[in-house]
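Undergrad: Can you keep this structure in mind? I'll have questions shortly.
The values are calculated or read from the model by the stated rules, or taken from the named source; none is laboratory data. These numbers come from a predicted model, not from an experiment. Cβ sites come from the backbone with ideal geometry, for glycine too, and all protein chains shown count toward neighbours.
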Amino acid sequence: MSANLKKTDSKKCSYISVLIRTEEDIKHPLLQPIAHVLTRKINEKDNGFIHWYGEDYTIDVIILKHKNGKTEYELMEESRSRGGHLAKKINSEKSTEICVLKAGESVSKNELLSCIEGISLGNYQFNKYKTEKKQHTLQNILVYDDSVSQNELDELKAILDANEIARNLANEPVINLNSLQLSENISALGKEFNFKTEILYKAQIESLKMGGLLGVNFGSTVPPTFSVLEYNPANAKNKKPLVLVGKAVTYDTGGYSLKPAQSMVTMKSDMSGGAAVIGALCAIAKNNLPVYVVGLIPSTDNRVGSNALVPDDVITMSDGTTVEVLNTDAEGRLILADALHYAKKYDPELVIDLATLTGAAAIITGSLGSALMGTDKTYRNLLIDCSNETFERLWEIPYWKEYGEMIKSDVADIKNIGGAAGGSATAGKFLEHFTTYPWLHLDIAGPAFLKDDEAYKQKGATGVGVRLLYAFAKRFMS
Ligand code: BES
Ligand code: ZN
Ligand code: ZN
C-alpha cells in the first residue's frame, strides 16, 4: 500500500521538506541556517532543491517557480513533479519518514497536497518478482500545516492506494493474471472496499450471446469473464448511474493478425482500462462519495489457437449486429461492444469507457494524455476540467461522422477496422454503434504504460484514469 499520510503538529522530524516560492518565505525559522543560499537561488531563479544536513535534521527545500500566469492546475502539476523527484531523494537517504510543510502563503494548499501526492506516487515500486528487492524506505509522509485536515489526507490516501491497485494489476504478467484471476481480484476488492460485484462466467456470457467477447476468447484456453461492479449508496445524488466500462484484455498477442515481437511487449497492460475502472470504484467506495456508479469489465486474452478467430470471420454481437473481423488485433472494440450494449439496461446518465484501444491514439498523444471522443455534450467539459486538474490530460480528436462510413462492411453490418487514416476515430465510431446513451470514450493507449520513468511515474503501468475518474465522480451532479 502507498505511504501513510499523517497530520503532525510538531516539526520534530529527522527529515523535513519545505516548499517555498518568494524571498518572504525565507524568513521561516527552519530556513535560517541556509537563508543566504536560498536568497541567492531565488534571485538567480534557480528552482532546484537545496539539500542541507543540519545537526538535528536533514532538510530539502523545494523552490517553486514564480506563477508567471500559469493556471492553478499547472502549478499543482509542477509541485506534483517536484514531489516525485523528492521521493527518489528520500529513498536514497534511506529515510522512512518525511515531514512536509510550506513556508508561507505564496505556496497554496493545493500545491502542498499535490507535492504530497507526487511523493507518494513517486514512491511506487513493482518489485514482487525481484529476489533482491531494494525496497524503498519511505513509509510515512507527515504533513505540518494547519489548513490541511486528516480527513483530506485520508481521502487522498484512498485515491493513491487505488492508483497503486490499478498499477499492480496492469503490471502483473498474464501468467499470474488471466481473466478468471482478474475477476477473483475484483470480488476480493469489492468485499474489502464495500462495493457489490457480480462475475458473469462463460455460460452466462454465452446465454447473453456476447459474440465479441466470446469471439476474441476463441483462441484462449482460459474462459472469458464479464465483471459487474456496483456502488449505490443510500445518499447517491444520481438515480441513473454513471457507468464506467474498462477494456481488460489480459494479454494482446494480436491473434492471427499477430503483433510483431517488439509491439507485443507490454501487452500484459492491455487491461489498463479495466484496472482504472477497478481502482476508481475502490477509491469512490472507500471515500463514500454520494454517487451511483457501475463498472463493467469484459475480460479475455487475445491469442492464436486452433479455434481462434481469423480475418474474414463474421461474428454476431449481443445486440444482433454482425461484424466482419478483418484484423484480429482490433479485438478491444469487439469485447467493448458487448459491454456497451450491456450498459443499456442501466439507463445510464453517462457512460465513460477507457481502453488501450489503438496505437493510433498513442501516436497522437504520446504518453502525455489520452484521446477523447464521444457523443455526450453535458459532461464533456467537466471531464476535461478534471483531466487538467489531475493532469491525466485529455485531448479531443477529430471525430466527424464520415469516420463512421469507413467501418461499413461489404459482407456484414460493420467491419472491425477502418482505413489507414483516423484509426482512433474509426475505433470510436465502432464503439458508438453500440451506444444509445450519452457516452465518452477515452483511448488511453499512450499514457497507460511508460517505457521510461517520468517525474512521479515509474516506467511500467501508470494507473492512468483512476485519479481522473475519482475527480469526475466527486464533481458529477454536484
Ligand atoms: N491493444 C492494442 C492497442 C495498443 C497499441 C495499446 C499500443 C497500447 C499500445 C489494440 O488492441 C490494437 O492492437 N489495435 C490495433 C488496431 C488496428 C489493427 C486497427 C492497432 O492500433 O494497431
Ligand atoms: Zn489488439
Ligand atoms: Zn488490445
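Undergrad: Do the conditions hold for residue 51, that is, is it assigned to a strand (DSSP E or B) and not aliphatic (A, V, I, L, M)?
TA: Details: assigned to a strand (DSSP E or B): yes; not aliphatic (A, V, I, L, M): yes.
It is true that residue 51 is assigned to a strand (DSSP E or B) and not aliphatic (A, V, I, L, M).
Undergrad: Could you say whether any residue in segment 325-332 is over 30 Å from residue 240 (Cβ atoms), more than 16 Å from ligand 3 (Cβ to nearest atom) and surrounded by fewer than 22 Cβ atoms within 10 Å (Cβ to Cβ)?
TA: No, the conditions are met nowhere in segment 325-332.
Undergrad: Report, by residue number, each residue of segment 28-43 that is under 17 Å from residue 54 (Cα atoms) and part of a helix (DSSP H, G or I).
TA: First pass over segment 28-43, keeping only residues under 17 Å from residue 54 (Cα atoms): 28-38.
Result: 29, 30, 31, 32, 33, 34, 35, 36, 37, 38.
Undergrad: I've got another one for you. Can you confirm whether residue 255 is closer than 26 Å to residue 206 by Cα, near ligand 1 (Cβ under 10 Å from one of its atoms) and at pLDDT 95 or above? Reasoning before the result, please.
TA: On the way: closer than 26 Å to residue 206 by Cα: yes; near ligand 1 (Cβ under 10 Å from one of its atoms): yes; at pLDDT 95 or above: yes.
Yes: the conditions hold for residue 255.
Undergrad: Please verify whether residue 227 is among the polar types (S, T, N, Q) and either over 26 Å from residue 462 (Cβ atoms) or within 16 Å of ligand 2 (Cβ to nearest atom) (or both), treating the condition exactly as stated. Talk me through it step by step, then tell me what you get.
TA: Values: among the polar types (S, T, N, Q): yes; either over 26 Å from residue 462 (Cβ atoms) or within 16 Å of ligand 2 (Cβ to nearest atom) (or both): no.
Spelling it out, it is not the case that residue 227 is among the polar types (S, T, N, Q) and either over 26 Å from residue 462 (Cβ atoms) or within 16 Å of ligand 2 (Cβ to nearest atom) (or both).
Undergrad: Pairs under 8 Å by beta carbon, first residue over 19 Å from residue 9 (Cβ atoms) in segment 100-114, partner surrounded by fewer than 17 Cβ atoms within 10 Å (Cβ to Cβ) and acidic (Asp, Glu), six or more apart or different chains?
TA: From residues that are over 19 Å from residue 9 (Cβ atoms), the pairs are 106/24; 108/72; 110/72.
Undergrad: When you check residue 268 against the structure, is it in a helix (DSSP H, G or I) and in contact (Cβ under 8 Å) with a residue 40 or more places away in the chain, yes or no?
TA: Numbers: in a helix (DSSP H, G or I): yes; in contact (Cβ under 8 Å) with a residue 40 or more places away in the chain: yes.
For residue 268, the condition - in a helix (DSSP H, G or I) and in contact (Cβ under 8 Å) with a residue 40 or more places away in the chain - is met.
Undergrad: I would also like to ask the following. Taking helices (runs of 4 or more DSSP H) that do not extend beyond segment 122-220, which have at least 2 residues that are of a type in the set (Ser, Thr, Tyr) and in contact with a Ser or Thr (Cβ under 6 Å, 6 or more places away or on another chain)?
TA: Numbers: elements: 150-171, 179-193, 202-207, 211-217.
Per the criteria, 179-193.
Undergrad: Out of 169, 200, I need the residue that is crowded, with 23+ Cβ neighbours inside 10 Å, touching a residue at least 24 places away in the same chain (Cβ under 8 Å) and at negative phi. Which one? Walk me through how you get there before you give the answer.
TA: Numbers: 200 fails: crowded, with 23+ Cβ neighbours inside 10 Å.
So the residue among 169, 200 that is crowded, with 23+ Cβ neighbours inside 10 Å, touching a residue at least 24 places away in the same chain (Cβ under 8 Å) and at negative phi is 169.
Undergrad: Continuing with the same structure: Within segment 92-124, can you find the residues that are of a type in the set (Gly, Ala, Ser), under 14 Å from residue 60 (Cα atoms) and touching a strand residue (DSSP E or B) at 6+ places or on another chain (Cβ under 7 Å)?
TA: 95, 103
A quick yes/no check of all residues on (1) in contact with a Leu (Cβ under 9 Å, 6 or more places away or on another chain); (2) under 19 Å from residue 202 (Cα atoms); (3) of a type in the set (Phe, Trp, Tyr):
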| position | (1), (2), (3) |
| --- | --- |
| 231 | yes, no, yes |
| 263 | no, no, no |
| 283 | yes, no, no |
| 297 | yes, yes, no |
| 324 | no, no, no |
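Undergrad: List the number of the failed condition for residue 69; all other conditions in (1) assigned to a strand (DSSP E or B); (2) surrounded by fewer than 21 Cβ atoms within 10 Å (Cβ to Cβ) hold.
TA: (1) is the only condition that residue 69 fails.
Undergrad: Being crowded, with 17+ Cβ neighbours inside 10 Å, more than 16 Å from the chain's Cα centre (by Cα) and assigned to a loop (DSSP other than H, G, I, E, B) narrows it down to one of 418, 463, so name that one. I'd like the intermediate steps shown before the answer.
TA: Numbers: 463 fails: more than 16 Å from the chain's Cα centre (by Cα).
Exactly one residue qualifies, and that residue is 418.
Quick grid of which residues meet (1) part of a loop (DSSP other than H, G, I, E, B); (2) in contact with a Ser or Thr (Cβ under 9 Å, 6 or more places away or on another chain); (3) not hydroxyl-bearing (Ser, Thr, Tyr):
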site: 276; (1), (2), (3): no, no, yes
site: 285; (1), (2), (3): no, no, yes
site: 288; (1), (2), (3): yes, no, yes
site: 294; (1), (2), (3): no, no, yes
site: 301; (1), (2), (3): no, yes, yes
site: 304; (1), (2), (3): yes, yes, yes
site: 310; (1), (2), (3): yes, yes, yes
site: 318; (1), (2), (3): yes, no, no
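Undergrad: Within segment 435-451, does at least one residue satisfy the condition of being of a type in the set (Asp, Glu) and out of contact with any helix residue (DSSP H, G or I) (no Cβ under 7 Å at 6 or more places or on another chain)?
TA: So the first thing to find is which residues in segment 435-451 are of a type in the set (Asp, Glu), and the list is 443.
Narrowing further to those that are out of contact with any helix residue (DSSP H, G or I) (no Cβ under 7 Å at 6 or more places or on another chain): none.
No, because not a single residue in segment 435-451 is of a type in the set (Asp, Glu) and out of contact with any helix residue (DSSP H, G or I) (no Cβ under 7 Å at 6 or more places or on another chain).
Undergrad: Here are some residues: 296, 289. Which one is more than 15 Å from ligand 1 (Cβ to nearest atom), under 21 Å from the mean Cα position of the chain (by Cα) and over 14 Å from residue 277 (Cβ atoms)? First the steps, then the outcome.
TA: Working: 296 fails: over 14 Å from residue 277 (Cβ atoms).
When all the criteria are applied, what remains is 289.
Undergrad: Only one residue in 286, 259 is of a type in the set (Lys, Arg) and away from ligand 3 (no atom under 13 Å from the Cβ). Which one? Can you show your working first?
TA: Numbers: 259 fails: away from ligand 3 (no atom under 13 Å from the Cβ).
Being of a type in the set (Lys, Arg) and away from ligand 3 (no atom under 13 Å from the Cβ) holds for just one of 286, 259, which is 286.
Undergrad: Also, quick follow-up: For the structure I just gave you, tell me whether residue 279 is within 16 Å of ligand 3 (Cβ to nearest atom) and within 15 Å of the chain's Cα centre (by Cα). Explain how you work it out, then say what you get.
TA: Numbers: within 16 Å of ligand 3 (Cβ to nearest atom): no; within 15 Å of the chain's Cα centre (by Cα): yes.
When the stated conditions are applied, residue 279 does not pass them.
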